[in-house]
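What follows is a short report on a single structure.
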Amino acid sequence: MTQVARNTAPGPNPRMLPTTPSVSSLDHLYRPAIGVERDVPVTTSPIIDKAAGVSTGGIALSAAEVIRRSVTRPEPIFEPANHPSDYRVAGMDKWEGRVTHVDDDWFTAELTPLTKDSGPMVQAEFEKTQLDPDTVCPGDVIYVTVRTTYEYGLQSRTSAVRLRRLGAWTAEEVAGVHERAQRRARDIATKFE
Amino acid sequence: MPSVSVTHDDLAVVVKGHFKAAIFSPAWLSKQQLIGPREYEAAEVELITADIAKFNCGWLRCLVTPDTLQFSTKSEDDFERVRDAVVGVLRILDQTPVGALGINRTADVEVGNDERWHQIGDTLVPKSYWNNVLTLPGLSNLTLWGVRPDTYAGRIQVAVEPSASVQYGIKIAYNDHYELTHVDHQPVDREEVLEMRPNIAAEASTQKSVTAREILRDGFQDSIERSNAMITHVSNIGDLK
(Lines give C-alpha, C1' and ligand atoms only; values in the text may rest on other atoms or scores of the structure.)
Protein backbone atom coordinates (compact mmCIF):
# COMPACT_ATOMS: atom_id res chain seq x y z
CA MET A 1 0.00 0.00 0.00
CA THR A 2 1.27 3.35 -0.91
CA GLN A 3 0.79 5.03 2.44
CA VAL A 4 2.78 2.28 4.12
CA ALA A 5 5.60 2.63 1.64
CA ARG A 6 5.74 6.32 2.53
CA ASN A 7 8.08 6.44 5.51
CA THR A 8 6.47 9.50 7.07
CA ALA A 9 3.15 7.76 7.52
CA PRO A 10 2.43 6.97 11.18
CA GLY A 11 0.96 3.61 10.33
CA PRO A 12 -1.69 1.95 8.23
CA ASN A 13 -4.82 4.02 7.97
CA PRO A 14 -7.76 1.71 8.64
CA ARG A 15 -9.78 3.58 6.04
CA MET A 16 -7.31 2.40 3.43
CA LEU A 17 -7.18 -1.26 4.35
CA PRO A 18 -8.63 -3.54 1.70
CA THR A 19 -11.72 -5.51 2.61
CA THR A 20 -10.15 -8.84 1.95
CA PRO A 21 -12.76 -11.42 2.87
CA SER A 22 -12.16 -13.72 5.78
CA VAL A 23 -11.47 -17.26 4.70
CA SER A 24 -13.16 -20.51 5.66
CA SER A 25 -16.36 -18.84 6.79
CA LEU A 26 -19.47 -17.40 5.25
CA ASP A 27 -19.58 -14.20 7.29
CA HIS A 28 -17.99 -12.25 4.44
CA LEU A 29 -21.06 -13.02 2.36
CA TYR A 30 -23.16 -10.71 4.50
CA ARG A 31 -21.33 -7.46 4.08
CA PRO A 32 -23.45 -4.34 3.64
CA ALA A 33 -24.52 -3.27 0.19
CA ILE A 34 -21.95 -1.49 -1.89
CA GLY A 35 -21.49 2.17 -1.14
CA VAL A 36 -23.53 1.99 2.05
CA GLU A 37 -22.12 2.06 5.56
CA ARG A 38 -18.79 0.70 4.44
CA ASP A 39 -15.77 2.80 5.26
CA VAL A 40 -13.12 1.04 3.25
CA PRO A 41 -12.39 0.76 -0.46
CA VAL A 42 -14.38 -1.72 -2.47
CA THR A 43 -12.40 -4.82 -3.30
CA THR A 44 -13.04 -7.06 -6.26
CA SER A 45 -10.79 -9.88 -5.17
CA PRO A 46 -12.55 -13.22 -5.41
CA ILE A 47 -14.13 -14.81 -2.37
CA ILE A 48 -12.14 -17.92 -1.58
CA ASP A 49 -13.06 -21.03 0.27
CA LYS A 50 -9.95 -22.13 2.05
CA ALA A 51 -6.93 -20.80 3.85
CA ALA A 52 -3.51 -21.05 2.29
CA GLY A 53 0.01 -21.28 3.56
CA VAL A 54 2.39 -24.05 4.40
CA SER A 55 5.91 -24.69 5.59
CA THR A 56 8.51 -22.52 7.27
CA GLY A 57 11.56 -20.40 6.58
CA GLY A 58 11.83 -17.72 3.93
CA ILE A 59 8.14 -18.27 3.38
CA ALA A 60 6.32 -18.99 6.61
CA LEU A 61 3.29 -20.62 8.10
CA SER A 62 0.07 -18.70 7.70
CA ALA A 63 -1.96 -18.02 10.81
CA ALA A 64 -4.47 -20.62 9.71
CA GLU A 65 -1.73 -23.17 9.27
CA VAL A 66 -0.27 -22.44 12.70
CA ILE A 67 -3.68 -23.10 14.22
CA ARG A 68 -4.13 -26.20 12.12
CA ARG A 69 -0.78 -27.61 13.12
CA SER A 70 -1.40 -26.91 16.78
CA VAL A 71 -3.97 -29.68 16.83
CA THR A 72 -3.10 -33.33 16.36
CA ARG A 73 -4.03 -33.74 12.78
CA PRO A 74 -1.97 -35.56 10.19
CA GLU A 75 0.47 -33.61 8.04
CA PRO A 76 -1.07 -32.05 4.94
CA ILE A 77 -1.36 -34.14 1.85
CA PHE A 78 -0.48 -31.81 -0.96
CA GLU A 79 -3.07 -31.62 -3.64
CA PRO A 80 -1.48 -33.18 -6.70
CA ALA A 81 -1.00 -31.07 -9.78
CA ASN A 82 -3.31 -31.87 -12.67
CA HIS A 83 -0.56 -33.79 -14.43
CA PRO A 84 2.45 -36.07 -13.74
CA SER A 85 5.61 -34.46 -12.44
CA ASP A 86 7.45 -34.85 -15.76
CA TYR A 87 4.67 -33.01 -17.58
CA ARG A 88 5.53 -29.48 -18.63
CA VAL A 89 3.55 -27.00 -20.70
CA ALA A 90 6.07 -25.25 -22.92
CA GLY A 91 3.66 -22.93 -24.68
CA MET A 92 0.05 -22.11 -25.25
CA ASP A 93 -1.75 -20.20 -27.96
CA LYS A 94 -5.37 -19.13 -28.15
CA TRP A 95 -7.54 -18.17 -31.07
CA GLU A 96 -11.07 -16.98 -31.55
CA GLY A 97 -12.80 -17.94 -34.76
CA ARG A 98 -15.91 -18.52 -36.77
CA VAL A 99 -17.06 -21.84 -38.17
CA THR A 100 -17.17 -21.46 -41.97
CA HIS A 101 -17.96 -24.96 -43.19
CA VAL A 102 -19.33 -28.18 -41.71
CA ASP A 103 -19.35 -31.66 -43.25
CA ASP A 104 -20.07 -35.12 -41.89
CA ASP A 105 -17.10 -35.49 -39.56
CA TRP A 106 -15.16 -32.24 -39.72
CA PHE A 107 -15.69 -28.53 -39.56
CA THR A 108 -13.54 -25.65 -40.78
CA ALA A 109 -13.00 -22.44 -38.90
CA GLU A 110 -11.28 -19.14 -39.60
CA LEU A 111 -9.20 -18.26 -36.55
CA THR A 112 -7.72 -15.00 -35.27
CA PRO A 113 -5.06 -15.08 -32.54
CA LEU A 114 -6.26 -13.74 -29.19
CA THR A 115 -2.76 -12.81 -28.09
CA LYS A 116 -1.24 -9.70 -29.60
CA ASP A 117 1.49 -10.20 -32.21
CA SER A 118 0.99 -13.94 -32.30
CA GLY A 119 0.52 -14.41 -36.00
CA PRO A 120 -1.91 -14.06 -38.87
CA MET A 121 -5.46 -15.26 -39.29
CA VAL A 122 -5.49 -18.98 -40.11
CA GLN A 123 -7.93 -21.61 -41.27
CA ALA A 124 -8.07 -24.93 -39.46
CA GLU A 125 -10.07 -28.13 -39.54
CA PHE A 126 -11.35 -29.91 -36.46
CA GLU A 127 -13.22 -33.11 -35.77
CA LYS A 128 -16.85 -32.38 -35.01
CA THR A 129 -16.54 -34.43 -31.85
CA GLN A 130 -14.48 -31.60 -30.36
CA LEU A 131 -17.75 -29.66 -30.14
CA ASP A 132 -21.29 -30.97 -29.96
CA PRO A 133 -21.47 -32.81 -33.34
CA ASP A 134 -25.25 -32.45 -33.46
CA THR A 135 -25.37 -28.69 -33.15
CA VAL A 136 -22.21 -27.22 -34.69
CA CYS A 137 -23.11 -25.08 -37.69
CA PRO A 138 -21.59 -22.33 -39.85
CA GLY A 139 -21.50 -19.02 -38.03
CA ASP A 140 -20.77 -20.52 -34.62
CA VAL A 141 -18.01 -18.68 -32.76
CA ILE A 142 -15.36 -20.81 -31.09
CA TYR A 143 -12.31 -20.50 -28.89
CA VAL A 144 -9.34 -22.73 -29.64
CA THR A 145 -6.50 -23.43 -27.22
CA VAL A 146 -3.37 -25.23 -28.43
CA ARG A 147 -0.77 -26.37 -25.92
CA THR A 148 2.74 -27.60 -26.57
CA THR A 149 3.62 -30.04 -23.82
CA TYR A 150 6.54 -32.20 -22.81
CA GLU A 151 6.04 -35.44 -20.96
CA TYR A 152 9.01 -37.72 -20.27
CA GLY A 153 10.97 -35.61 -22.77
CA LEU A 154 8.51 -36.09 -25.61
CA GLN A 155 6.82 -33.10 -27.20
CA SER A 156 3.17 -33.18 -28.11
CA ARG A 157 0.46 -30.70 -28.99
CA THR A 158 -3.08 -30.78 -27.73
CA SER A 159 -6.03 -28.62 -28.67
CA ALA A 160 -9.28 -27.72 -26.97
CA VAL A 161 -12.23 -26.20 -28.80
CA ARG A 162 -14.97 -24.33 -26.96
CA LEU A 163 -18.22 -22.89 -28.27
CA ARG A 164 -18.77 -19.24 -27.44
CA ARG A 165 -22.19 -18.50 -25.96
CA LEU A 166 -23.36 -14.92 -25.95
CA GLY A 167 -26.75 -15.57 -24.42
CA ALA A 168 -30.22 -14.97 -25.74
CA TRP A 169 -30.72 -11.71 -27.63
CA THR A 170 -34.06 -10.04 -28.21
CA ALA A 171 -34.99 -8.65 -31.64
CA GLU A 172 -34.79 -5.14 -30.14
CA GLU A 173 -31.24 -5.74 -28.92
CA VAL A 174 -30.16 -7.02 -32.32
CA ALA A 175 -31.78 -4.00 -33.99
CA GLY A 176 -29.93 -1.72 -31.55
CA VAL A 177 -26.59 -3.32 -32.36
CA HIS A 178 -27.35 -3.05 -36.08
CA GLU A 179 -28.20 0.63 -35.70
CA ARG A 180 -25.02 1.36 -33.72
CA ALA A 181 -22.92 -0.49 -36.29
CA GLN A 182 -24.44 1.53 -39.12
CA ARG A 183 -23.86 4.76 -37.22
CA ARG A 184 -20.23 3.83 -36.62
CA ALA A 185 -19.78 2.89 -40.28
CA ARG A 186 -21.14 6.29 -41.30
CA ASP A 187 -18.79 8.03 -38.83
CA ILE A 188 -15.80 6.15 -40.26
CA ALA A 189 -16.90 6.89 -43.82
CA THR A 190 -17.04 10.63 -43.12
CA LYS A 191 -13.39 10.56 -42.06
CA PHE A 192 -12.39 9.47 -45.57
CA GLU A 193 -14.56 11.95 -47.44
CA MET B 1 0.27 -18.18 -20.63
CA PRO B 2 3.15 -17.39 -18.28
CA SER B 3 6.43 -19.08 -19.16
CA VAL B 4 6.74 -20.83 -15.79
CA SER B 5 5.48 -24.09 -14.29
CA VAL B 6 1.89 -23.25 -13.34
CA THR B 7 0.11 -26.12 -11.61
CA HIS B 8 -3.24 -24.47 -10.86
CA ASP B 9 -4.62 -21.52 -12.76
CA ASP B 10 -7.93 -19.91 -11.80
CA LEU B 11 -9.81 -16.97 -13.24
CA ALA B 12 -12.55 -15.13 -11.34
CA VAL B 13 -14.50 -12.19 -12.69
CA VAL B 14 -16.02 -10.29 -9.77
CA VAL B 15 -18.66 -7.60 -10.16
CA LYS B 16 -19.75 -5.51 -7.18
CA GLY B 17 -23.31 -4.23 -7.37
CA HIS B 18 -26.85 -4.92 -6.25
CA PHE B 19 -27.85 -8.45 -7.18
CA LYS B 20 -30.83 -10.64 -6.44
CA ALA B 21 -29.08 -13.89 -5.75
CA ALA B 22 -32.26 -15.93 -5.80
CA ILE B 23 -32.77 -15.49 -9.54
CA PHE B 24 -29.45 -17.17 -10.33
CA SER B 25 -29.51 -20.89 -10.95
CA PRO B 26 -28.27 -23.34 -13.59
CA ALA B 27 -31.77 -23.33 -15.09
CA TRP B 28 -31.75 -19.53 -15.44
CA LEU B 29 -28.30 -19.52 -17.07
CA SER B 30 -29.47 -22.26 -19.44
CA LYS B 31 -32.67 -20.38 -20.28
CA GLN B 32 -30.61 -17.29 -21.06
CA GLN B 33 -28.37 -19.48 -23.29
CA LEU B 34 -25.26 -18.57 -21.30
CA ILE B 35 -24.49 -22.26 -20.73
CA GLY B 36 -25.18 -25.25 -22.94
CA PRO B 37 -27.10 -28.45 -22.29
CA ARG B 38 -23.96 -30.28 -21.16
CA GLU B 39 -23.16 -27.69 -18.52
CA TYR B 40 -26.76 -27.67 -17.37
CA GLU B 41 -26.78 -31.44 -16.99
CA ALA B 42 -23.50 -31.31 -15.09
CA ALA B 43 -24.72 -28.59 -12.72
CA GLU B 44 -24.23 -29.07 -8.99
CA VAL B 45 -26.13 -26.71 -6.74
CA GLU B 46 -24.58 -26.10 -3.35
CA LEU B 47 -26.90 -23.40 -2.08
CA ILE B 48 -29.57 -21.12 -3.49
CA THR B 49 -31.38 -18.82 -1.06
CA ALA B 50 -32.63 -15.25 -1.15
CA ASP B 51 -29.13 -14.03 -0.26
CA ILE B 52 -26.73 -16.58 -1.74
CA ALA B 53 -26.56 -18.60 -4.92
CA LYS B 54 -23.61 -20.96 -5.12
CA PHE B 55 -23.40 -23.62 -7.80
CA ASN B 56 -21.17 -25.11 -10.48
CA CYS B 57 -22.09 -25.73 -14.12
CA GLY B 58 -19.22 -27.87 -15.38
CA TRP B 59 -16.40 -25.45 -16.07
CA LEU B 60 -18.29 -22.46 -14.62
CA ARG B 61 -18.44 -21.78 -10.88
CA CYS B 62 -21.00 -19.22 -9.75
CA LEU B 63 -21.35 -17.32 -6.50
CA VAL B 64 -23.86 -14.53 -6.16
CA THR B 65 -24.61 -12.51 -3.01
CA PRO B 66 -26.52 -9.24 -2.58
CA ASP B 67 -23.39 -7.21 -3.40
CA THR B 68 -21.28 -9.59 -5.48
CA LEU B 69 -21.45 -11.57 -8.69
CA GLN B 70 -18.49 -13.91 -8.99
CA PHE B 71 -18.07 -16.26 -11.95
CA SER B 72 -14.90 -18.32 -12.07
CA THR B 73 -13.19 -21.33 -13.61
CA LYS B 74 -10.22 -23.54 -12.90
CA SER B 75 -9.57 -24.21 -16.58
CA GLU B 76 -7.47 -21.84 -18.66
CA ASP B 77 -9.33 -23.12 -21.73
CA ASP B 78 -12.47 -21.48 -20.38
CA PHE B 79 -11.25 -18.04 -19.32
CA GLU B 80 -12.96 -16.35 -22.26
CA ARG B 81 -16.18 -18.25 -21.66
CA VAL B 82 -16.33 -17.00 -18.07
CA ARG B 83 -15.90 -13.47 -19.41
CA ASP B 84 -18.72 -14.10 -21.92
CA ALA B 85 -21.02 -15.41 -19.19
CA VAL B 86 -20.49 -12.29 -17.06
CA VAL B 87 -21.02 -10.00 -20.05
CA GLY B 88 -24.19 -11.92 -20.84
CA VAL B 89 -25.54 -11.55 -17.31
CA LEU B 90 -24.79 -7.81 -17.24
CA ARG B 91 -26.42 -7.35 -20.63
CA ILE B 92 -29.54 -9.30 -19.67
CA LEU B 93 -29.78 -7.58 -16.26
CA ASP B 94 -29.01 -4.19 -17.75
CA GLN B 95 -31.02 -2.33 -15.08
CA THR B 96 -28.85 -3.76 -12.30
CA PRO B 97 -26.63 -1.08 -10.72
CA VAL B 98 -22.96 -2.01 -10.74
CA GLY B 99 -20.13 -0.35 -8.80
CA ALA B 100 -16.84 -2.10 -9.53
CA LEU B 101 -15.29 -4.86 -11.61
CA GLY B 102 -12.37 -7.17 -10.91
CA ILE B 103 -10.61 -9.52 -13.28
CA ASN B 104 -8.76 -11.90 -10.98
CA ARG B 105 -6.16 -14.49 -11.83
CA THR B 106 -4.78 -16.86 -9.22
CA ALA B 107 -1.91 -19.15 -10.14
CA ASP B 108 0.07 -21.69 -8.15
CA VAL B 109 3.60 -21.89 -9.48
CA GLU B 110 6.02 -24.71 -8.72
CA VAL B 111 9.46 -23.22 -8.15
CA GLY B 112 11.35 -26.49 -7.87
CA ASN B 113 13.15 -26.58 -4.55
CA ASP B 114 13.24 -25.05 -1.09
CA GLU B 115 16.30 -22.90 -1.82
CA ARG B 116 14.61 -21.10 -4.68
CA TRP B 117 11.35 -20.96 -2.76
CA HIS B 118 12.99 -19.18 0.17
CA GLN B 119 14.86 -16.94 -2.24
CA ILE B 120 11.55 -15.57 -3.51
CA GLY B 121 10.33 -14.80 0.01
CA ASP B 122 13.66 -13.28 1.05
CA THR B 123 13.86 -11.10 -2.05
CA LEU B 124 10.31 -9.81 -1.72
CA VAL B 125 10.66 -9.20 2.03
CA PRO B 126 14.31 -9.04 3.19
CA LYS B 127 14.44 -10.64 6.64
CA SER B 128 17.41 -8.60 7.91
CA TYR B 129 14.96 -5.85 8.83
CA TRP B 130 12.99 -8.23 11.05
CA ASN B 131 15.63 -10.53 12.57
CA ASN B 132 16.10 -8.44 15.73
CA VAL B 133 12.42 -8.44 16.62
CA LEU B 134 11.09 -11.68 15.13
CA THR B 135 12.61 -15.14 15.33
CA LEU B 136 12.83 -16.95 11.99
CA PRO B 137 10.63 -14.44 10.15
CA GLY B 138 8.96 -15.73 7.04
CA LEU B 139 6.66 -14.40 4.39
CA SER B 140 3.06 -15.41 4.90
CA ASN B 141 1.39 -12.93 2.60
CA LEU B 142 2.49 -9.86 0.71
CA THR B 143 0.05 -7.55 -1.06
CA LEU B 144 1.00 -4.62 -3.27
CA TRP B 145 -1.06 -2.02 -5.06
CA GLY B 146 -0.09 -0.19 -8.21
CA VAL B 147 -1.73 2.33 -10.50
CA ARG B 148 -3.61 1.20 -13.57
CA PRO B 149 -1.86 1.36 -16.96
CA ASP B 150 -4.95 2.91 -18.61
CA THR B 151 -7.30 5.80 -17.84
CA TYR B 152 -9.80 3.81 -15.81
CA ALA B 153 -10.05 4.55 -12.10
CA GLY B 154 -8.94 1.59 -10.04
CA ARG B 155 -5.76 -0.23 -9.20
CA ILE B 156 -3.68 -3.30 -9.89
CA GLN B 157 -3.25 -5.50 -6.82
CA VAL B 158 -0.91 -8.46 -6.57
CA ALA B 159 -0.57 -10.78 -3.60
CA VAL B 160 2.07 -13.44 -3.07
CA GLU B 161 1.93 -16.22 -0.50
CA PRO B 162 3.00 -19.83 -0.06
CA SER B 163 1.01 -22.25 -2.18
CA ALA B 164 -1.36 -24.53 -0.33
CA SER B 165 -1.40 -27.03 -3.15
CA VAL B 166 2.21 -27.36 -4.29
CA GLN B 167 5.02 -28.20 -1.89
CA TYR B 168 7.64 -25.74 -3.12
CA GLY B 169 5.20 -23.44 -4.75
CA ILE B 170 3.93 -19.91 -4.48
CA LYS B 171 0.46 -18.58 -5.03
CA ILE B 172 0.20 -15.35 -7.00
CA ALA B 173 -3.14 -13.55 -6.94
CA TYR B 174 -3.58 -10.78 -9.49
CA ASN B 175 -6.53 -8.38 -9.10
CA ASP B 176 -7.24 -6.02 -11.98
CA HIS B 177 -9.62 -3.68 -10.19
CA TYR B 178 -11.83 -1.19 -12.05
CA GLU B 179 -14.04 1.40 -10.40
CA LEU B 180 -15.79 1.86 -13.75
CA THR B 181 -15.07 5.55 -14.12
CA HIS B 182 -12.37 7.39 -16.03
CA VAL B 183 -9.59 9.57 -14.67
CA ASP B 184 -7.84 12.38 -16.56
CA HIS B 185 -4.53 10.72 -15.85
CA GLN B 186 -3.05 8.18 -13.48
CA PRO B 187 -0.87 9.28 -10.54
CA VAL B 188 2.74 9.87 -11.48
CA ASP B 189 4.18 10.09 -7.97
CA ARG B 190 3.31 9.06 -4.42
CA GLU B 191 1.90 12.43 -3.47
CA GLU B 192 -0.56 12.13 -6.30
CA VAL B 193 -1.44 8.60 -5.26
CA LEU B 194 -2.47 9.94 -1.87
CA GLU B 195 -4.52 12.69 -3.46
CA MET B 196 -6.28 10.25 -5.78
CA ARG B 197 -7.33 7.94 -2.98
CA PRO B 198 -9.20 4.78 -3.78
CA ASN B 199 -12.93 5.19 -4.05
CA ILE B 200 -14.17 4.61 -0.52
CA ALA B 201 -17.78 4.07 -1.47
CA ALA B 202 -18.19 3.16 -5.10
CA GLU B 203 -21.56 4.39 -6.26
CA ALA B 204 -23.35 1.74 -8.24
CA SER B 205 -25.16 2.70 -11.43
CA THR B 206 -26.49 1.16 -14.60
CA GLN B 207 -24.06 3.25 -16.64
CA LYS B 208 -21.19 1.47 -14.88
CA SER B 209 -22.67 -1.81 -16.03
CA VAL B 210 -22.20 -0.61 -19.62
CA THR B 211 -18.60 0.35 -18.80
CA ALA B 212 -17.98 -3.05 -17.20
CA ARG B 213 -19.17 -4.76 -20.37
CA GLU B 214 -16.94 -2.56 -22.51
CA ILE B 215 -13.92 -3.41 -20.36
CA LEU B 216 -14.64 -7.11 -20.45
CA ARG B 217 -15.17 -7.01 -24.20
CA ASP B 218 -12.23 -4.78 -25.17
CA GLY B 219 -9.75 -5.05 -22.30
CA PHE B 220 -9.99 -8.64 -21.17
CA GLN B 221 -7.07 -10.00 -23.18
CA ASP B 222 -4.86 -7.12 -22.06
CA SER B 223 -5.71 -7.98 -18.48
CA ILE B 224 -4.82 -11.63 -19.01
CA GLU B 225 -1.53 -10.64 -20.63
CA ARG B 226 -0.71 -8.34 -17.71
CA SER B 227 -1.41 -11.18 -15.28
CA ASN B 228 0.81 -13.50 -17.36
CA ALA B 229 3.62 -10.96 -17.14
CA MET B 230 3.15 -10.60 -13.38
CA ILE B 231 3.13 -14.36 -12.74
CA THR B 232 6.27 -14.80 -14.82
CA HIS B 233 8.00 -11.86 -13.13
CA VAL B 234 7.29 -12.98 -9.56
CA SER B 235 8.13 -16.61 -10.30
CA ASN B 236 11.48 -15.67 -11.81
CA ILE B 237 12.52 -13.65 -8.74
CA GLY B 238 13.95 -16.78 -7.20
CA ASP B 239 15.76 -17.95 -10.30
CA LEU B 240 19.26 -18.67 -9.02
CA LYS B 241 20.73 -19.16 -12.48
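The values are calculated or read from the model by the stated rules, or taken from the named source; none is laboratory data. Quick caveat: nothing in here was measured; it's all calculated off a predicted structure. Here Cβ is always computed from backbone atoms with ideal geometry, including for glycine, and neighbour counts include all displayed protein chains.
Considering (1) more than 16 Å from the chain's Cα centre (by Cα); (2) at the interface with chain A (Cβ under 7 Å from one of its Cβ atoms); (3) buried (at least 17 other Cβ atoms within 10 Å of the Cβ), the lone condition that residue B:33 does not fulfil carries the number (3).
Based on this model, can you work out whether residue B:218 counts as more than 14 Å from the chain's Cα centre (by Cα), surrounded by fewer than 17 Cβ atoms within 10 Å (Cβ to Cβ), more than 11 Å from every other protein chain (Cβ to nearest Cβ) and farther than 26 Å from residue B:11 by Cα? When the stated conditions are applied, residue B:218 does not pass them.
Taken together, A:122, A:146, A:174 contain a single residue that is hydrophobic (A, V, I, L, M, F, W, C), more than 30 Å from residue B:28 (Cα to Cα) and within 14 Å of chain B (Cβ to nearest Cβ), which is A:146. Answer yes or no as to whether residue B:50 is away from chain A (no Cβ under 11 Å) and at pLDDT below 95. It is true that residue B:50 is away from chain A (no Cβ under 11 Å) and at pLDDT below 95. Say whether the condition of being touching an Asp or Glu at 6+ places or on another chain (Cβ under 7 Å), at the interface with chain A (Cβ under 8 Å from one of its Cβ atoms) and of a type in the set (S, T, N, Q) is met by at least one residue in the range B:105-114. Scanning the range B:105-114 turns up at least one residue that is touching an Asp or Glu at 6+ places or on another chain (Cβ under 7 Å), at the interface with chain A (Cβ under 8 Å from one of its Cβ atoms) and of a type in the set (S, T, N, Q). For the range B:9-25, the condition holds for no residue, the condition being that it is more than 27 Å from residue B:180 (Cβ to Cβ) and either facing another protein chain (nearest Cβ under 7 Å) or touching a Phe, Trp or Tyr at 6+ places or on another chain (Cβ under 9 Å) (or both). Given the structure, is residue B:95 in contact with a Leu (Cβ under 6 Å, 6 or more places away or on another chain) and either touching a residue at least 40 places away in the same chain (Cβ under 8 Å) or of a type in the set (S, T, N, Q) (or both)? The answer is no for residue B:95.
Of the residues in the range B:125-138, not one is touching a residue at least 40 places away in the same chain (Cβ under 8 Å) and either more than 9 Å from chain A (Cβ to nearest Cβ) or out of contact with any Phe, Trp or Tyr (no Cβ under 7 Å at 6 or more places or on another chain) (or both).
Total residues in the range B:76-98 satisfying the condition of being more than 9 Å from chain A (Cβ to nearest Cβ), over 11 Å from residue B:24 (Cβ atoms) and part of a loop (DSSP other than H, G, I, E, B): the figure is 3.
Taken over the range B:31-58, the residue count meeting the criterion of being assigned to a loop (DSSP other than H, G, I, E, B) and out of contact with any helix residue (DSSP H, G or I) (no Cβ under 6 Å at 6 or more places or on another chain) is 4.
Of all residues being within 8 Å of chain A (Cβ to nearest Cβ) and crowded, with 21+ Cβ neighbours inside 10 Å in the range B:66-75, which is farthest from the chain's Cα centre (by Cα)? Just the residue, please. So, considering only residues that are within 8 Å of chain A (Cβ to nearest Cβ) and crowded, with 21+ Cβ neighbours inside 10 Å, the one farthest from the chain's Cα centre (by Cα) is B:67. Among the criteria (1) closer than 28 Å to residue A:140 by Cβ; (2) out of contact with any Ser or Thr (no Cβ under 7 Å at 6 or more places or on another chain); (3) in contact (Cβ under 8 Å) with a residue 40 or more places away in the chain, the one residue B:103 does not fulfil is (2). With the condition kept exactly as written, say whether any residue in the range B:48-55 is surrounded by fewer than 19 Cβ atoms within 10 Å (Cβ to Cβ), out of contact with any strand residue (DSSP E or B) (no Cβ under 7 Å at 6 or more places or on another chain) and in contact (Cβ under 8 Å) with a residue 40 or more places away in the chain. So far as the range B:48-55 goes, no, none of its residues is surrounded by fewer than 19 Cβ atoms within 10 Å (Cβ to Cβ), out of contact with any strand residue (DSSP E or B) (no Cβ under 7 Å at 6 or more places or on another chain) and in contact (Cβ under 8 Å) with a residue 40 or more places away in the chain. The requirement of being under 30 Å from residue B:83 (Cβ atoms), more than 11 Å from chain A (Cβ to nearest Cβ), touching a helix residue (DSSP H, G or I) at 6+ places or on another chain (Cβ under 9 Å) and of a type in the set (S, T, N, Q) is not satisfied by residue B:151. Of all residues in the range B:56-92, those satisfying the criterion of being touching a residue at least 12 places away in the same chain (Cβ under 8 Å) and over 27 Å from residue A:97 (Cα atoms) are B:64, B:65, B:66, B:67, B:68, B:69.
Comparison of A:140, A:134 shows that the only residue that is more than 25 Å from residue B:76 (Cα to Cα), out of contact with any Cys (no Cβ under 9 Å at 6 or more places or on another chain) and within 14 Å of chain B (Cβ to nearest Cβ) is A:134.
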